[in-house]
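Undergrad: This is the structure, below, for whatever I ask next.
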Amino acid sequence: MPSALIFGGSGRLAKFISERPVKKNYTVYSVIQREEHIPSLYKLGATPIIQSLEDLTVAELTKVIKLSLPDIVIFAAGVYKDPIFNCIIDRDTAIKVFDTIVEADCTKCIITISIINARNCSRLRPSWYNDKDQKVSDDL
């Protein structure tokens, strides 16, 4: 049976994305940080893996990869309320995850859902941005 591994699986977008591979009979593993999200993931048909991404070591990550042997990896983790954690999770941890996946040589597809500010900042701000959004964008 094919499998999918989702990092940041407790987020709304990750939960939405999880539904499709489950319906296509994939085994879906979802890496989350807090136990309180376990019931909602089981309800979706995903298998939760509790792991703090900010403290993730290469050895721990290798165990997660070997456990799931994912055909697809979806990196949807991010801490959008804190620009510092955005760099730690959205960039540094993603790089560590991708490097480990390359070493494991088991994944056919990698999808990353990245930082909220992935846009051309030299253009006018998007119409849906408010002043707070613009400040966060400027701080990144």
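The values are calculated or read from the model by the stated rules, or taken from the named source; none is laboratory data. Keep in mind it's a predicted model, so treat the numbers as computed, not measured. Reconstructed Cβ throughout: ideal geometry from the backbone, glycine too, with neighbour counts over all protein chains shown.
Undergrad: For segment 4-47, enumerate the residues that are surrounded by fewer than 20 Cβ atoms within 10 Å (Cβ to Cβ) and part of a strand (DSSP E or B).
TA: Once the filter is applied, which keeps residues that are surrounded by fewer than 20 Cβ atoms within 10 Å (Cβ to Cβ) and part of a strand (DSSP E or B), segment 4-47 yields 27, 47.
Undergrad: Continuing with the same structure: With respect to residue 28, is the statement that it is within 21 Å of residue 105 (Cα to Cα) and out of contact with any helix residue (DSSP H, G or I) (no Cβ under 6 Å at 6 or more places or on another chain) true?
TA: no
Undergrad: Name every residue in segment 112-124 that is modelled with pLDDT of 80 or more and either touching a Ser or Thr at 6+ places or on another chain (Cβ under 7 Å) or closer than 15 Å to residue 89 by Cβ (or both), in order of residue number.
TA: Step one: filter segment 112-124 for residues modelled with pLDDT of 80 or more, giving 112-113, 122-124.
Correct list: 112, 113.
Undergrad: If you go through segment 1-36 one residue at a time, how many are touching a residue at least 24 places away in the same chain (Cβ under 8 Å) and more than 21 Å from residue 93 (Cβ to Cβ)?
TA: Number satisfying all stated conditions: 8.
Undergrad: Can you name the residue in segment 55-72 that is of a type in the set (A, V, I, L, M, F, W, C) and in a loop (DSSP other than H, G, I, E, B) and is also nearest to residue 103 (Cα to Cα) among such residues? Walk me through how you get there before you give the answer.
TA: The first filter runs over segment 55-72 and keeps only residues of a type in the set (A, V, I, L, M, F, W, C), leaving 56, 58-59, 61, 64-65, 67, 69, 72.
Subset that is in a loop (DSSP other than H, G, I, E, B): 56, 69.
On the way: 56: 16, 69: 12 Å.
Here the answer is 69.
Undergrad: Still on this model: List the number of the failed condition for residue 52; all other conditions in (1) polar (S, T, N, Q); (2) outside any helix (DSSP H, G or I); (3) touching a residue at least 24 places away in the same chain (Cβ under 8 Å) hold.
TA: For residue 52, the failing item is (3).
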